[in-house]
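The values are calculated or read from the model by the stated rules, or taken from the named source; none is laboratory data. Note that the coordinates shown come from a computational prediction; the quantities given were computed from them, not determined experimentally. Cβ: placed from backbone, ideal geometry, glycine included. Neighbour counts: every protein chain shown.
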Amino acid sequence: MPERTDFFTSNTQEIETQLQALQPPQGELHLRFYVPSYEEFALPATGVREVMLQCPEEFTPIPNTSPLLLGTINLRGQIIWVADLGQFLGSPTPLNINKPEISVIAIEDEETILGLAIERLSEMQWLDIQQLQLSTNIPDQIAPYVQGEWIFGVEPKKVVRLLDHEAILRSARWAA
């Protein structure tokens, strides 16, 4: 009878993979996404009310408001403001609103809700807060809104900055 040692090896690897999938996740759940300058950011899932795709025609522009605001939308009977997050964070690249749908992240704290228009969603991921590093070369205009950053890989390094949704909601920049 021929020996089949690969049977035991592959079976063991499969079992280990399944066991790893059953392990509790490390860290906290975060939503990763990109702004038009293709910088990647994350928000804690606890601060995200929902993620939606909106047609730009559904934004109601409001005159004499901050240029950061794209307008308002009706979210199940509640009117909320939608802002260009990239522009809010000082990105030189404005959000392209000449496309069929725009990704909007509705963030909330207490009774306040704000829609953040972004370039594209990345993924939901469990990220370890213990691995969060202080940001070293961060522009001054976004420093109040960034809690730190995760660095993935060696070369090229992938940086994901964690945003503080409460600081964004309470920013005085919305009145500008």
Any hit, the stretch 91-100, residues being outside any loop (DSSP other than H, G, I, E, B) and of a type outside the set (Phe, Trp, Tyr): no
Of (1) out of contact with any Ser or Thr (no Cβ under 6 Å at 6 or more places or on another chain); (2) touching a residue at least 24 places away in the same chain (Cβ under 8 Å); (3) not small (Gly, Ala, Ser), TRP174 satisfies every one except (1)
Taking the stretch 63-77 as the search range and keeping residues that are free of Cβ contacts under 8 Å to residues at least 12 places away in the same chain and closer than 16 Å to TRP174 by Cβ, which one is nearest to the chain's Cα centre (by Cα)? THR65
Pair list, Cβ under 8 Å, 6 or more apart: the stretch 134-146 residue in contact (Cβ under 8 Å) with a residue 12 or more places away in the chain and closer than 15 Å to LYS157 by Cβ, other residue buried (at least 16 other Cβ atoms within 10 Å of the Cβ) and hydrophobic (A, V, I, L, M, F, W, C): SER135/VAL146; ILE138/VAL146
Just to verify a result, which residue in the stretch 49-83, among those that are of a type in the set (D, E, K, R) and assigned to a strand (DSSP E or B), is farthest from LEU121 (Cα to Cα)? ARG49
In the stretch 71-93, residues that are among the polar types (S, T, N, Q) and more than 13 Å from ILE142 (Cβ to Cβ) total 4
Can you tell me which residue in the stretch 132-176 is farthest from GLY115 (Cα to Cα), limited to those that are modelled with pLDDT under 80 and of a type in the set (Val, Ile, Thr)? VAL154
Do we find a residue being in contact with a Leu (Cβ under 6 Å, 6 or more places away or on another chain) and over 24 Å from GLN141 (Cα atoms) anywhere in the stretch 100-121? yes
Looking at VAL104, is it β-branched (Val, Ile, Thr), within 30 Å of PRO156 (Cβ to Cβ) and in contact (Cβ under 8 Å) with a residue 60 or more places away in the chain? no
